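Q: Encoded as C-alpha cells, here's the structure I'll be asking about.
Quick note: the coordinates plus some simple rules give every number you see, no bench work behind them. In this text, all values refer to a predicted model and were calculated from it rather than measured experimentally. When we count neighbours, we look across all protein chains shown, and the Cβ atoms used for this are built from the backbone with ideal geometry, even at glycine.
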Amino acid sequence: MSLSIEIDLQNEVPTLLRYAYVEARNDSTNRQVSSFLWNRYPQMATSRNETDDWKSAFLGYSYPDTPFSRVVRAPSVPAILSGAEAHLESVDIAQNFNDPELLDKSFLNGPTNSTILLQEHSFLMSTFLLAVTLALILLLLWYPLRYWWRCYNLRSADDPSSPLSHLPLPPGSFGLPIIGETVSWITQGPKFNSNRRKKYGNVFKTSAITLPMVKVTGHEYVKKVLMGEHEEVTTVWPKVVQRVLGANGIVNTVGPSHKHKRRMASKAFTAKALNSYLPRLRINAEKNIKAMLDEERPRAYDRMLKLTFEFGISALLGFDLNSKEIKTSYNTFHDLVSNIFSMPYRIPGFGFDKAMNARTELLDKLQDQIRKKKEIVMEQLRNGEDVNYEEEPGALDIILHEVLQRSARKHECLNSQSLNNNYEGEVKENLTADPPEEPISDLALTEMGVELMFAGYYTSASALTSCILELSRNPKVFKKLENELLKSGILSGEDSIDENEDARPEFNLQAIQKLTYMEQVLKEAMRLRPPVLGGYRKAKRTFQIGPYRVPKGWYVIYNIRDTHEFEFENMDTFDPDRFAPGRDLGDNYRFIPFGGGPRTCVGRAYARLIIKLALIEMFRHFRKWELTSDKLPRMKAIPTLHPVDGLPLKLFPRERIGVVNTT
Ligand code: HEM
C-alpha cells in the first residue's frame, strides 16, 4: 500500500507544483515566490493560462471549454489534490521556496528503490503480457492464415478454360502467409534452389514477394520455357528494372516489336561490325591492364568493370569521351546498375530513387547525342552511303543507320523532312508491312543505348573476373593457354599497339576466333560461375512442363547456375577440356550462360570478343598472377556474380611485354 502512495506522489509532482504555484500566486505577498517557481519549473504548466485554469478550477471556477478544466473535473482529481494537500502540509513552502535544493527534495524526490523495482516489474510484466497475447492471437490465427494463403495461391492457379487444368501443380511450398519464401530465398542463396531441388525435383513451386512462381532447372524444362517465349511465356523483369530501363528498349519489349528491335540490334554485332570495334578495344584493353601495374593493390573485378565500361562507351555508344567525362558517366551508370534490383519504393536517397535519377541523367545526355548522330546518318543516307566502318562507328550508330535506312527504303520517303521532323508519326501512318515493324523512336534508341551498356559491362566483367580467378588457381590451364597464345603470335608485339598497328600480325576477329583453348577456358568459367544466374518469365497461358501445369499469370524462373550443376558432373572442378573440340555436349540447353531461344543474349559475340581481348592483354603484361588470399572469395550474385572483395591480385609482370619465356 505504502508503495502505491509513493508512486502516486511521484507521479503527481507536477500537480503538487501546480498546487504550490497557485498557492503562491494567491498570496499577493508571495509574488516573488510565484515568479521564482515559474522560472525554475516552467514544465509545471505549459502556459500561464493553463496555470490560471488550474487556479480557477482549484478555487471552484470552471471553464467548460478548456481541456484543463475537464481534467480538473475528473473524479481522480479531488483525491490527488487532497494527497497533495496532505503532502504540502508537511512542507514549509515559504521556507523551502527560498532554498531550491530543499524544494527539489520536497517536490521532485526521485522514486524509492522499491518504486523503481515495481515500475520495472510492471514494465516487464506488461511487455510479457503483450507478447503472450500476440503469440496467442497468432497461434489462433496461424492455421486459418496458412489455409487462407494456400487457397489464395491456389485460386490464382485456376484457369477453367485451359485443357490442362487436370494436371497437378508442381510440388513445393507457398511458404509463410504473405511473405511466402522470400526470407529463405534471400538468406539461403544458392542453397535455396539446391535444397528444394533435392526435395521436389527440377520443377518446383514457391512464392516470393507475394507472387506464386515456378522454378525450373535442367535442359529439358529450361528449353521448354525459353522456346515458349511470345507463345507460352513472356519476359517480365522486376518492376524496378522495367522502370529504370524503360519500356522501349529490347529487354522490356514483347511480341513483334521485340523481334524487330533485336533484328536491328544484331546488325551491331556482325563480324564486320566487331572487327571495326577491335582497334579501339585493343587500345583500351592495353591502357587498363597496364594501369594495374601502378596500383598498390590491384583488384581484378574493379579493373575489369572499368575496362568493360570503357569498351562499352567507345564501341557500344560510339562516344569519344575524355577521362573526366568517363569517370562521371561511370559513376552514373554504377548508380543505375547497382541499384536496379532494389525494392520498388521510390524514397529519396534510396536504391530505386538513385537508379531513376541516374536514368534521367543518362537519357538526357544520350538523347542529345542521338539527335546529332541522326543528322549525320541522314546525310549519309541522302548521299546513298552505307555505314562507314572505317570511321569506327559504335553499335548505336550502326543500329541507327539500319533503323533509318529500313524506314527510308520501306516508305520510299527519303527526304529529310519526313525523317527528321516527324519520324515516328510518319512511319506509323504508313505502316502496312507484315510482320508489322513498329517504328523505333528516339526514346527507344536512347533506351537501347542504356540497356546495351547495362546488359554488357557488369556481365562481361563478371565472366572476365572468373577467368582470371580460375587461371590463378589452375597453373596447368594457365600454361596451356599461354602456349596457345604464343603459337598464335598474338602475344608478340611491342607495347604501344596504336603506334605499331602491324606489330601483331593477324590481330583480327578471325585470329581471335582461332584460339580454341581460350574459348574453352571462357566457357568453363561461365559454366562454373555464370554471371547471370537465371531469367524471369510470366506464363501467358497455362502450359505443361514435365508432368505439371504452370498456371496462366504465374511467374517462371529458369535457373542457369542450377542447370549447369545438374547437367555437368563434378560441377566445382574447373576443367576446360569439357568443351574440347569433338566432345559432344549433347543438347545446347545444357550450357546456357547466355540464355537461349528468342531472348538469347544479343551481345554474346561482342562479350566473348572483349573478354578474350582483355585476357590477351593480361597475358601480354603478366607472366603469372596470384590471389592474395588462400581462400576462395565470397561471391555475391547481384547485379551479376562477383567476388565481394573485388579479387585482389599479386601480379608478376613480364620482363618484356608480349615476350613469353618458354623455358
Ligand atoms: C558474359 C557476358 C554476358 C552474359 C553472361 C549475358 C547473359 C545474358 C542472358 C542470360 C540473357 C537472357 C536473359 C533472359 O533470358 O531473360 C541476356 C540477354 C541480353 N543481353 Fe546479355 N550477357 C552478356 C553480355 C552482353 C552484352 C555485352 C550485351 C550488349 C552489348 C548484352 C545484351 C543483352 C541484351 C540486350 C539482352 C536482352 C535480349 C532480349 O531480351 O531479347 N549482353 N544476356
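Q: Between residue 145 and residue 124, take the C-beta separation as r, use R0 = 35 Å, and let me know the FRET efficiency to the nearest 0.05.
A: With a Förster radius of 35 Å, E is 0.75.
Q: Same structure again: Give me the one-decimal nm value for the distance between modelled label points at residue 632 and residue 588, 7 Å along each residue's Cα-to-Cβ direction.
A: 3.0
Q: How high is the FRET efficiency from residue 294 to residue 372, r the C-beta distance, R0 35 Å, rounded to 0.05?
A: 0.45
Q: Between residue 172 and residues 5 or more places away or on another chain, which pairs have amide H atoms under 5 Å apart, with H built 1.01 Å from N, and which residues are they?
A: For residue 172, whose amide H was placed from the backbone, the distant partners under 5 Å are 205.
Q: For residue 535, list long-range residues whose amide hydrogen, built 1.01 Å from N in the peptide plane, is under 5 Å from its own amide hydrogen.
A: 558, 560
Q: Sorting check: for 394-405, 623-634, 236-247, 276-287, which peptide has the highest mean count of neighbouring beta carbons within 10 Å, and how do the rest follow?
A: Sorting 394-405, 623-634, 236-247, 276-287 by mean packing, highest first, produces 394-405, 276-287, 236-247, 623-634.
Q: Take peptides 309-320, 443-454, 133-144 and line them up by average Cβ neighbours within 10 Å, highest first, as a rough protection proxy.
A: Peptide ranking by packing, descending: 443-454, 309-320, 133-144.
Q: Which links in 239/324; 487/631; 523/624 stretch past 24 Å when you go from one Cα to the other?
A: Checking Cα-Cα distances, 239/324; 487/631 exceed 24 Å.
Q: Mind checking which of 550, 323, 648 is farthest towards the positive end of the range 242-653's charge dipole, using Cβ charges of +1 (Lys, Arg) and -1 (Asp, Glu) about the Cα centre?
A: 550
Q: Given the peptides 606-614, 574-582, 635-643, arrange them by the average over their residues of other C-beta atoms within 10 Å, most packed first.
A: Details: 606-614: 24.6, 574-582: 14.0, 635-643: 18.4.
Highest to lowest by the protection proxy: 606-614, 635-643, 574-582.
Q: Next question. Give me, ordered by chain and number, the residues 5 or more places off residue 650 or on other chains with an amide H under 5 Å from its own placed amide H.
A: For residue 650, whose amide H was placed from the backbone, the distant partners under 5 Å are 626, 627, 628.
Q: Grab the beta carbon distance between residue 644 and residue 544, set R0 = 56 Å, and tell me the FRET efficiency rounded to 0.05.
A: Efficiency, rounded to the nearest 0.05: 0.90.
Q: Within 15 Å, Cβ to Cβ, of residue 608, how many net charges do the neighbouring residues add up to if Lys/Arg are +1 and Asp/Glu are -1? Write out the running numbers ahead of the final one.
A: Numbers: positive: 514, 523, 527, 604, 612; negative: 519, 524.
For residues surrounding residue 608, the net value is +3.
Q: What pairs from 306/372; 290/650; 191/215; 224/552; 215/538; 306/327 go past 20 Å between their alpha carbons? Before the final figure, lay out the partial values.
A: Details: 306/372 27 Å; 290/650 14 Å; 191/215 14 Å; 224/552 15 Å; 215/538 11 Å; 306/327 9 Å.
The pairs that break the limit, which is 20 Å between Cα atoms, are 306/372.
Q: Still on this structure, I have one more. What is the spin-label model distance, in nm, from residue 364 to residue 386 if the labels are put 7 Å beyond Cα along the C-beta direction?
A: 4.0
Q: Whole number please: convex hull volume per residue of the Cα set in the range 242-653, in Å³?
A: On the way: hull volume 70.4 nm³, N = 412.
Residue-normalised Cα hull volume stands at 171 Å³.
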